[in-house]
1. Could you list, in sequence order, the residues of segment 118-145 that are touching a residue at least 24 places away in the same chain (Cβ under 8 Å) and over 20 Å from the mean Cα position of the chain (by Cα)?
2. Just give me the residues in segment 44-77 being open to solvent by 10 Å² or more (accessible area, probe 1.4 Å), small (Gly, Ala, Ser) and not in a loop (DSSP other than H, G, I, E, B), in sequence order.
3. Go through ASP75, ASP59, ASP39, ASP70 for me and flag whichever is touching an Asp or Glu at 6+ places or on another chain (Cβ under 8 Å), at pLDDT 80 or above and among the acidic types (Asp, Glu).
4. Out of ALA88, ALA114, ALA80, I need the residue that is surrounded by 12 or more Cβ atoms within 10 Å (Cβ to Cβ) and part of a strand (DSSP E or B). Which one?
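The values are calculated or read from the model by the stated rules, or taken from the named source; none is laboratory data. Since the structure is predicted, the reported quantities are computational estimates derived from the model, not experimental observations. A quick note on method: Cβ atoms are made from the backbone with ideal geometry, for glycine too, and the neighbour counts reach across all protein chains shown. Only protein heavy atoms, including side chains, enter the accessible area calculation; ligands, DNA and RNA are left aside. Shrake-Rupley method; radii C 1.70, N 1.55, O 1.52, S 1.80 Å.
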Amino acid sequence: MGNIKIIKGLFDSRQELQRATLKAGFPSPAEDYMHETLDFNRDFILHPESSFYGHIQGDSMKDAGIYDGDRVIIDRSVQAHSGSIIVAFWNGEFTIKFLDLTHRKDGYIELKPANPAYPVFKVYPEDNFEVWGVVIHLIRTFDPI
C-alpha cells in the first residue's frame, strides 16, 4: 500500500544555512550569491507542536514526485481538502495518498495513489480511518553522505 514511518522532530532549535540563488542558465561572475539565511524551523515548520517527519517506504506516490526513501514534513494542524496529500491512519496502518472527497454524498471518500500500479481505496464511515496530517514539504537526499 505504500507505508510511511512517522518520526517526531525537534523543531525548537534554530538551524541556519546560507541561502544562495541558483540559476539554471549562465551565472554572472560579478553577482554575489549570498543573500540571507535559511532557518529550517522558521521557513518550513509553521506549527512545531503538531509537525512530524515521515519516512516514505514504497512507490505508491512516485508520480507525485514522492519516492521510496524520501522524507516529508507533516502538519497535523493543517485542514485537509480534496486534492491534499495526506497521511492517513486507516485500518491500523499509516499510508500516504491523495485525498478525494468528491464521493462524500455517495457515502465514501477515496484515497488515491500516484502510481497506476496501485488501486484507489474507498473509505467508508465504518472504517477505522483518520486524516492524521497533511504533507506540506518534501525532503529528498540526492547524494547520501
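1. Of everything in segment 118-145, those that are touching a residue at least 24 places away in the same chain (Cβ under 8 Å) and over 20 Å from the mean Cα position of the chain (by Cα) turn out to be VAL123, ASP127, ASN128.
2. Of everything in segment 44-77, those that are open to solvent by 10 Å² or more (accessible area, probe 1.4 Å), small (Gly, Ala, Ser) and not in a loop (DSSP other than H, G, I, E, B) turn out to be SER50, ALA64.
3. So the residue among ASP75, ASP59, ASP39, ASP70 that is touching an Asp or Glu at 6+ places or on another chain (Cβ under 8 Å), at pLDDT 80 or above and among the acidic types (Asp, Glu) is ASP59.
4. Numbers: ALA114 fails: part of a strand (DSSP E or B); ALA80 fails: part of a strand (DSSP E or B).
Going through ALA88, ALA114, ALA80 in turn, the sole match is ALA88.
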